[in-house]
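Every read-out reported here was derived from the displayed coordinates using simple, explicitly stated rules and does not represent laboratory data. These numbers come from a predicted model, not from an experiment. Ideal geometry is used to build each Cβ from the backbone, glycine not excepted, and the neighbour counts take in all protein chains shown.
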Protein chains: 4
Amino acid sequence: MCRWAAYIGDPIYLEDIVTAPGQSLISQSLRATESKTETNGDGFGLAWYGEREEPGCYHDVLPAWADGNLRSLAHQVRSKLFLAHVRAATGTSTSRTNCHPFSAGKWSFMHNGQAGGYAQFRRRVDMSINERCYAHRNGTTDSEAIFLMALGAGLEEDPKGALERATGLMEAMSRDTGVTPHMRMTVAMSDGARLFCARYASDEFAPTLYHRRMESGRVVVSEPLDRALSDWVAIPPGSFATITEGEVKLEEFRPAA
Amino acid sequence: MCRWAAYIGDPIYLEDIVTAPGQSLISQSLRATESKTETNGDGFGLAWYGEREEPGCYHDVLPAWADGNLRSLAHQVRSKLFLAHVRAATGTSTSRTNCHPFSAGKWSFMHNGQAGGYAQFRRRVDMSINERCYAHRNGTTDSEAIFLMALGAGLEEDPKGALERATGLMEAMSRDTGVTPHMRMTVAMSDGARLFCARYASDEFAPTLYHRRMESGRVVVSEPLDRALSDWVAIPPGSFATITEGEVKLEEFRPAA
Amino acid sequence: MCRWAAYIGDPIYLEDIVTAPGQSLISQSLRATESKTETNGDGFGLAWYGEREEPGCYHDVLPAWADGNLRSLAHQVRSKLFLAHVRAATGTSTSRTNCHPFSAGKWSFMHNGQAGGYAQFRRRVDMSINERCYAHRNGTTDSEAIFLMALGAGLEEDPKGALERATGLMEAMSRDTGVTPHMRMTVAMSDGARLFCARYASDEFAPTLYHRRMESGRVVVSEPLDRALSDWVAIPPGSFATITEGEVKLEEFRPAA
Amino acid sequence: MCRWAAYIGDPIYLEDIVTAPGQSLISQSLRATESKTETNGDGFGLAWYGEREEPGCYHDVLPAWADGNLRSLAHQVRSKLFLAHVRAATGTSTSRTNCHPFSAGKWSFMHNGQAGGYAQFRRRVDMSINERCYAHRNGTTDSEAIFLMALGAGLEEDPKGALERATGLMEAMSRDTGVTPHMRMTVAMSDGARLFCARYASDEFAPTLYHRRMESGRVVVSEPLDRALSDWVAIPPGSFATITEGEVKLEEFRPAA
C-alpha cells in the first residue's frame, strides 16, 4: 500500500499539503496510521500543474522523509492542482520509473492498492497496453499499467469509463489467477483542469479515502493530514469523484472488463 | 554504445580487470577510445561467479568512475569467471534495472550495441519474451530483451543457436521499421562454467571485440585494457566464441529469426 | 538510533546474519523492536574482512530492505569477521559518507547512539580530530567523529583506552551544552583480527547489546536476530568486550576526556 | 573543474539556460569545450529565487544529462535570478552535499576552480569557518568552504571584500603547501536581489567567464551556451562583477588573507 494526497483550488505552496500539516504526507512516509503498510519509504513523487499543459514531475527512490530536494521544492512551488505520493512497494523494484505519479502528456495518475497475483500475469497486463500507450510503459508496476490501460481505453473522452474498463480488465486477470484480494484501489488522476478520484475494492476492504474543503480549495487524501480537524469526509467505496474548483460530483464506480 | 570486459580462468581479483589496468573499464567509463560514445557514465554493473550457482550482482546508476563501492568490491572479491560493464544509454532511462549484466538463474548476460528503431517496436519485443522468462523482464532495454528472448529460445541447450534466434528476431523487427543500422552487437554471457561471446552487425560496422591470454586466464574486452600490450587478438565480425579455461572455440554466428 | 550486528569466527556468508534470520538486520531496518527508532531506513553499510588487510566496504542511502545489491553481496561473500549496520539518522543528512561502518586502514567502526546537543558543538568535535586522522573525516556524524577521535587517541595500541578518551571528550562537550542525554552508545570496531564492542550511557538508558555463541563463531547485536533462540546474553552497561575466535573478555568501560 | 551558468532579469524558464541552448549546461555536463575537464558528470545543482527570501535548491549526484527531474523542473519553473552548476569533482566525493550551488539563508554560491594542495590543508580550512557558519558546513569541498569563509567575513555587508578575504586566506594556505596552481576560480553568488561574479587566478590561467545581454536579462557563463551568437563578452581575470537588472559594475578583485 501507499499514501497519497491531491489538491485543486487556488494556487498554494505544495508544502501546505506535503510537508507542513501535523500528519503530512512526509510524516505518513515514516509512520502512516490507516495503512496496511505503516512505512511508505520506497520512493515518492510529485506531479504539479503550472503554466504548461503537461505537469512538472519529481520522483526519487529515497524515503520522502529523507529528501532535501522535496522539502525545498515544496517550499518554493505553488500550484492550483497537484498530486503527491509516497510509495510502499508491493513486489516490484524500487526505482524512479516505479514511483508515482505517472504522466503522459497532460495526464497524471497515482494509485494506492494492488491486484492479487499480479506478478503471475504481468505479461498479460503489458500486452493489454496498446501500441500508442506502450511508449509510456517505463516501469513494472500494476499502477502504471492501470493508467496506461485507461489512457488507451478513452481516458480523454470518458475518464470514469476508461478507468472502469482498465480496472475491470485488471480485476478479471486477477480472478483468473485465483489470488485474493483481486482488486483494492484508490486512484487520483488529472488532466490539469479537473481532479478525478476513485475508491474501489473487489471485497469489502477498499483503502481509505477522504476529502476536505480548505479555504483555498479542496484536498483529497488516503488518510487525514491533520486529525485535529474534524471535517474530513469519507468517499464511499465504489465511488468516482470529479472535482473542479467549486464542485465535487460523485458517481458510482463499476469496473467491467 | 557501452564498454565491457569478461574474464575466465584462475580466480583473480576483479580489480585486475575493472580498475587496475592503464585503460581499465573504469577509465573507459570516463573516456573510451574505440567507442561510438566516449563517455559511458550511465551506470555500470558486475556479475561474478563464486561458490554459488547463480552469480553475485552489483549495479548502480552512478558513473563507474565515481563509485567507491565498486572500487572496494573489486579490491576484495576474487572470481574465476566474471562480467563487468559500463553503460552509455541509447534512449532508455538510467536505472539499476537497465544496467548490465542481466541475470536469470545461473545465466548472466551483457551487451554493447543497438537495434535500429527499437523505441518504435519495443512492445513487439516484449511480446516475444515468453511467459516463463517475462518474470525477469525488469527494465526497458533491448539488451535485456535479447537475453530473455535467447533464454526462451533454448539458451541452456544451445547457447549459439539461441542467441542467433534472438538476434535474428530483433534484427527482423528492426528491418520492419526501416531504421538503420538494424543490428550492431557484441555480447558476453555465461552459465558460470563457460564464457560465450559474440560479435555481429547487420552492416560492416560491428563494434570492436578483442581477447587476450593472461597468465591466469583469458580476458575478452570491447577495447584493450592496456595498449602497451601488443597481443590483443580481434574476434572477427560474425563470430561466436565459446571460451573455457584452456580453449577458445570460434564458430560462425548467423542470426536468423 | 540505529541497529547493528557483528560477527567473528569461521567464515560464514554475510547473509547468515544480515538477511537470513527471522529478525535479521534487514528486517530491523523496516521494523526494529528494541530501538528508540522503529524504522532504520536512512542507509546501511557493510565492512567485511577477507584476504586484504583493509576491509571491503559497501554503503548506500537506500533503506536496506530495498537494496538488491545488498542481498546479492550478502549471498555471495564469506567472511570471518564483519560489521553490518542500518541507520536511523539523528539530525545529519542521509548520504553514503554518513553511513556506517566507517573505515581507516585496517580499522572499521560502527555506532548506535547519540551525543546530546551535538549539532551545537560539531565544530568543536571536528577540531578535536587531529591532522592525520582528518583525512578520513568525510561526513558530519558524531559516530564518524568518535571513531576518528579514538583513532588519534591511540586506538592501535589501546583500543579500550582510546575509545574511553574519545567518548569522554564527546560527553564532556555535550555536558557543556546542557542537552541531555549526554551520551548513549553501543560501538563495534575491529582491526581485522579482533572484534571490540562497547555499551555505555551517561544515564541509565544504554542502548541494548547482546551476544550469542553460534556453532561457527560469535555474533554481537543491538537486538536479537532470532527471538526463538533463548541464549542471547546481554552485555552489561559500562562494558568493553574484546572478542577473538575463542574468547570474550569483558572489562569496565569508563570514558574520561 | 566544473561548468556553471547564472541569470538575472525578467523571469524566464530555467530551461532557457539549463537545457535549451545548443551548448546548454546539460550539454556541457557531457562535453564541455573550454574546460580542463571535458566531462562534468559528478552531480549538478540549481538554486533559484522565487517568492521566498531563500532560494529553492535541487541537487543530485547523477550526471545532469541523465536526470529527468532536472529537465522537468527546468521546463516548469520560472525565475528572475538563478544559478545552475554541473560538477567535475577534484578529489572530494560525489554526494549531494558536495554539489553546488551551496546556500545559507538568502545566499547562494557556486564555484569552478580549485586550491592547490587542498586535501593537505582541509582541516585548517574547516577551522577557519566560524562557529555560526559551521552549521552550514555539510560537505568537504573547498568550494563550500570558500562560501562559508566569505559568509563569516562580512558577505552581507561587503560581498566583494568578503570574497577577497576568503579567497586570499584559501590561497595563503595553498602557498603554505607549495602545491601549484594555488588558486584558480570563477564564482557566482547571490542574495536574491543582485548577482555577483568573480574571476581570478594566482597564475595566468583563470578559468573562462563570459556574460551576455539577452532580451530578458543577463546571463553569466563558464563557456558560451550558443557559439552561433557572437556577443559573449569575456570578464577579465582579476574582476568582480555586481550585476543587477540593468547594470554590470566591474571592479578589481584582489584577494588578501
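Shielding by partners for B:53-63, please: the mean number of other protein chain Cβ atoms within 10 Å of each residue's Cβ.
The per-residue average across the peptide is 5.
For A:Ala89, which sequence-distant residues (separation of 5 or more, or a different chain) have an amide H within less than 5 Å of its own amide H, given hydrogens modelled in the peptide plane?
A:Asp42
Of the cross-linked pairs A:Lys80/D:Lys106; A:Lys36/A:Lys80; C:Lys160/C:Lys249; C:Lys36/C:Lys80, which ones have a Cα-Cα span greater than 23 Å in the structure shown?
On the way: A:Lys80/D:Lys106 26 Å; A:Lys36/A:Lys80 30 Å; C:Lys160/C:Lys249 12 Å; C:Lys36/C:Lys80 30 Å.
Result: A:Lys80/D:Lys106; A:Lys36/A:Lys80; C:Lys36/C:Lys80 exceed 23 Å.
In Å, the Kirkwood hydrodynamic radius of segment D:18-109 over pairs of distinct alpha carbons?
Details: mean 1/r = 0.0746 Å⁻¹.
Result for segment D:18-109, one decimal place: 13.4 Å.
What's the percent breakdown of Cα-Cα distances in segment C:22-66 across 10 Å bins, shortest bin first?
For segment C:22-66, the binned pair fractions read 27, 41, 25, 6 percent.
Looking at the calculated P(r) for segment C:144-257, what percent of the C-alpha pair distances fall above 22 Å? Intermediate values should be presented prior to the final figure.
On the way: 2167 of 6441 pairs.
Above the 22 Å cut-off, segment C:144-257 has 34 percent of its Cα pairs.
Determine one quarter of the surface area of the Cα convex hull of chain D, which equals its mean projected area, and express it in nm² to one decimal. Walk me through the numbers on the way to the answer.
Working: hull surface 47.6 nm².
Approximately 11.9 nm², given one-decimal rounding.
If I take the Cα coordinates of segment D:1-44 and project them onto the principal axes, what are the three extents in Å, biggest first?
Sorted largest first, the three principal extents are 32, 19, 17 Å.
How large is Rg/Rh for segment A:73-114, to two decimals, with Cα atoms and a Kirkwood Rh?
My calculation puts Rg/Rh at 1.00.
How high is the FRET efficiency between B:Ser216 and B:Asp176 when r is their beta carbon distance and R₀ equals 56 Å, given to the nearest 0.05?
FRET efficiency, B:Ser216 to B:Asp176: 0.75.
Give me the percent relative contact order of chain A, please, defined on Cα pairs under 8 angstrom at least 6 residues apart. All intermediate terms of the calculation are to be shown ahead of the outcome.
On the way: 638 pairs, mean separation 54.5, N = 257.
Relative contact order here is 21 percent.
Could you check the spin-label model distance between C:Met127 and C:Thr33? Points 7 Å from the Cα along Cα→Cβ, value in nm.
4.6 nm
Which angle between 0 and 90 degrees, to the nearest 10, do you get for helix D:159-177 versus the longest principal axis of chain D when only C-alpha atoms count?
50 degrees
With springs only between Cα atoms under 10 Å apart, run a GNM on chain C and tell me which of C:Ser239, C:Ser202, C:Ser230 wobbles the most.
C:Ser230
Which residue, B:Ala201, B:Ala135, B:Ala193, tops the fluctuation ranking in a GNM of chain B built on C-alpha contacts under 10 Å?
B:Ala135
Could you list which residues have their amide H under 5 Å from that of A:Gly238, counting only those 5 or more apart in sequence or on another chain, with H placed in the peptide plane?
Excluding prolines and chain starts, which carry no amide H, the hits are A:Arg199, A:Tyr200, A:Ala201.
Ignore the peptide's own chain and count Cβ atoms of other chains within 10 Å of each Cβ in B:126-135; give me the average, rounded. Don't skip to the end; give the middle numbers.
Values: counts 6, 4, 0, 2, 1, 5, 1, 1, 6, 4.
Counting other chains' Cβ atoms within 10 Å and averaging over B:126-135 gives 3.
Which whole-Hz ³J(HN,Hα) couplings does segment A:29-36 yield from phi under the Karplus relation 6.51 cos²θ - 1.76 cosθ + 1.60, θ = phi - 60°, glycine and proline marked x?
Values per residue, Gly and Pro as x: 5, 8, 8, 8, 10, 10, 10, 3 Hz.
Which three semi-axes in whole Å describe the equivalent ellipsoid of segment A:98-139, each the square root of 5 times a Cα gyration tensor eigenvalue, listed largest first? Kindly include the intermediate steps, with their values, before the conclusion.
On the way: eigenvalues 71, 47, 11 Å².
The three semi-axes for segment A:98-139 are 19, 15, 7 Å.
Which ³J(HN,Hα) values, rounded to whole Hz and listed in residue order, are derived for segment D:224-231 from phi using the Karplus coefficients 6.51, -1.76 and 1.60 in 6.51 cos²θ - 1.76 cosθ + 1.60 with θ = phi - 60°, glycine and proline given as x?
Here the 3J(HN,Hα) series is x, 7, 7, 6, 5, 8, 9, 9 Hz.
Would you please classify the overall shape of segment C:179-237 from the alpha carbon gyration tensor, given that a ≥ b ≥ c denote the square roots of the eigenvalues, rounded means a/c under 1.5, and beyond that prolate means a/b larger than b/c while oblate covers the rest? Kindly include the intermediate steps, with their values, before the conclusion.
Values: a/c = 3.23, a/b = 1.48, b/c = 2.18.
Because a/c hits 1.5 or more and a/b fails to exceed b/c, segment C:179-237 counts as oblate.
Normalise the Debye intensity by I(0) for segment C:48-92, one equal point scatterer per Cα, no solvent, then take log10 at q = 0.24, 0.28, 0.31 Å⁻¹ and round to two decimals.
Scattering profile of segment C:48-92, log10 relative to I(0): -0.96, -1.14, -1.25.
Need the C-alpha centroid separation for segment C:121-183 versus segment D:37-87, integer Å.
So the two Cα centres are separated by 36 Å.
Fewest Cβ neighbours within 10 Å first, please rank A:Phe121, B:Phe44 accordingly.
With the sparsest Cβ surroundings first, the list reads A:Phe121, B:Phe44.
Give, as ranges by residue number, the residues of segment B:117-160 whose backbone N falls under 15 Å from the point 7 Å along Cα→Cβ of B:Glu53.
Residues B:156-157 fall inside that zone.
Report the one residue of D:Ala201, D:Ala228, D:Thr242 whose Cα lies farthest in the direction of the positive end of the charge dipole of segment D:141-257 (charges on C-beta: Lys and Arg +1, Asp and Glu -1; origin at the Cα centre).
D:Ala228
Just how large is the dipole of the protein assembly as shown about the Cα centre, in debye to the nearest 20, putting +1 at every Lys and Arg Cβ and -1 at every Asp and Glu Cβ? Present the calculation step by step, with values, prior to reporting the outcome.
Numbers: 108 positive and 128 negative charges, 1 e Å.
So the magnitude is around 0 debye.
Mind computing the radius of gyration and Dmax over the alpha-carbon atoms of segment B:80-198? Å is fine for both.
Calculated on Cα positions, Rg and Dmax stand at 13.2, 42 Å.
When the gyration tensor of segment A:116-156 is built from Cα positions, what are the square roots of 5 times its three eigenvalues, in whole Å, from largest to smallest? Could you put the intermediate results ahead of the total?
Working: eigenvalues 58, 20, 16 Å².
Semi-axes from the Cα gyration tensor: 17, 10, 9 Å.
How large is ³J(HN,Hα), in whole Hz, for each residue of segment A:95-111 in order, when computed from phi with the Karplus curve 6.51 cos²θ - 1.76 cosθ + 1.60 and θ = phi - 60°, using x for Gly and Pro?
Once rounded to whole Hz, the list reads 7, 4, 5, 9, 8, 9, x, 8, 9, 8, x, 7, 8, 10, 7, 9, 8.
Taking just the alpha-carbon atoms of the protein assembly as shown, what radius of gyration and Dmax come out, in angstrom?
28.8, 79
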